[in-house]
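Enquirer: This structure is in structure tokens; I'll ask about it shortly.
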Amino acid sequence: MKELFKTDKPVIGLVHLHALPTDPKYDPQSGVEGVLEAARFDLLALQEGGIDGVLFCNEFSIPYTHNVKTVTVACMARIIGELKPLIKVPFGVCVASDPMKGFDLAAAVGADFIREVLHGAFAGVYGINNVSPGDVERHRYEVGCGKIKTMTAVIPEGCAQLAERPLREVVKTLTFNLNPDTLLVYSSNPGSVIDIEQVKEIKAVSNTPVFASNGVKVETVEEILSVCDGCIVATGIKVDGEFYNQVDVTRVKQLMANAEKVR
């Protein structure tokens with residue numbers, strides 16, 4: 001990951017794409033052009049603030065589905081494709097809750113990395129999610145994404161694994177079978193800070209980089225990066241720290257200044 005981002009403990013900023021066609025919150029009046037312009041604003045604000053990398057995700061497609069419609073991926077590809085000449089840092093993609101479509105999108109736009117849930121059977125607010133790592137990994141290579149860096153959750157946000165295995169055993173199995181480039185640690189609820197002890201437990205049995213995937217804010221980034229190998233930040237750098245607001249370039253600069261203190 002240091003080779004990709006050219007820094008220790010990289011900070012990746014999320015570009016939350018507004019709702020797309022067929023999503024419940026889609027705005028047909030502003031249309032896909034409105035989604036594109038909002039994404040352009042966030043991308044430029046993140047880069048102006050000194051972010052190390054960006055991640056595009058259909059975050060406002062909530063509630064998510066495990067079988068994302070083709071129009072969602074097509075619109076995401078169009079938006080990222082139009083913004084690509086403006087991207088100055090490594091960029092990744094995520095199609096929420098559908099890793100197969102995630103790799104399709106990564107192949108289409110030439111992404112540097114991907115964030116998806118690539119393994120396991122979990123239960124949560126979206127019911128039971130059963131990911132077949134073998135099928136996903138084969139699809140990854142079929143669409144030419146073998147060299148793309150992979151980031152996967154150990155335990156997804158707001159979920160419990162059905163097997164109820166010890167965390168250390170999950171990490172050992174995951175890294176042995178998939179060899180991901182990054183392990184992502186989530187908190188139990190959106191926006192809350194991760195469990196630092198959980199990070200330490202993972203690092204005790206694995207040399208794979210561990211990133212915090214939520215709960216990163218101006219006030220928490222130093223503590224998080226003192227233990228983690230990097231992080232992904234989203235709501236914490238938006239105007240007033242609100243999920244549906246645009247990125248606040250001042251907050252990005254403040255967060256990056258604090259990140260520099262521990263790397």
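Enquirer: Which members of segment 78-101 meet the condition of being closer than 26 Å to Gly127 by Cα, open to solvent by less than 30 Å² (accessible area, probe 1.4 Å) and among the small types (Gly, Ala, Ser)?
Expert: Answer for segment 78-101, where residues must be closer than 26 Å to Gly127 by Cα, open to solvent by less than 30 Å² (accessible area, probe 1.4 Å) and among the small types (Gly, Ala, Ser): just Ala96.
Enquirer: Among (1) under 21 Å from Ile12 (Cβ atoms); (2) surrounded by fewer than 23 Cβ atoms within 10 Å (Cβ to Cβ); (3) of a type outside the set (Ser, Thr, Tyr); (4) at pLDDT 95 or above, which single condition is Gly158 missing?
Expert: Every condition holds for Gly158 apart from (4).
Enquirer: Within segment 102-119, is there a residue that is of a type in the set (Gly, Ala, Ser), open to solvent by 50 Å² or more (accessible area, probe 1.4 Å) and either under 24 Å from Asp195 (Cα atoms) or in contact with a Phe, Trp or Tyr (Cβ under 6 Å, 6 or more places away or on another chain) (or both)?
Expert: no
Enquirer: Listed residues Lys9, Lys84, Lys25; which is part of a loop (DSSP other than H, G, I, E, B) and either farther than 19 Å from Gln246 by Cα or of a type in the set (S, T, N, Q) (or both)?
Expert: Criteria check complete, one pass: Lys9.
Let's see how each residue does on (1) touching a strand residue (DSSP E or B) at 6+ places or on another chain (Cβ under 8 Å); (2) open to solvent by less than 30 Å² (accessible area, probe 1.4 Å):
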| residue | (1), (2) |
| --- | --- |
| Thr182 | yes, yes |
| Ile194 | yes, yes |
| Val199 | yes, yes |
| Ile202 | yes, yes |
| Pro209 | yes, no |
| Ser213 | yes, yes |
| Glu219 | no, no |
| Ile232 | yes, yes |
| Met256 | yes, yes |
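Enquirer: Tell me, which residue of segment 32-77 that is of a type in the set (A, V, I, L, M, F, W, C), under 30 Å from Lys9 (Cα atoms) and part of a loop (DSSP other than H, G, I, E, B) is most open to solvent (accessible area, probe 1.4 Å)?
Expert: Going through the qualifying residues, I end up with Ile62.
The values are calculated or read from the model by the stated rules, or taken from the named source; none is laboratory data. Being a predicted model, the structure only gives us computed values, none of them experimental. Neighbour counts run over all protein chains shown; Cβ positions are idealised from the backbone, glycine included. The protein model used for the area step is the full one, side chains on, heavy atoms only, and it has no ligands, DNA or RNA in it. Shrake-Rupley method; radii C 1.70, N 1.55, O 1.52, S 1.80 Å.
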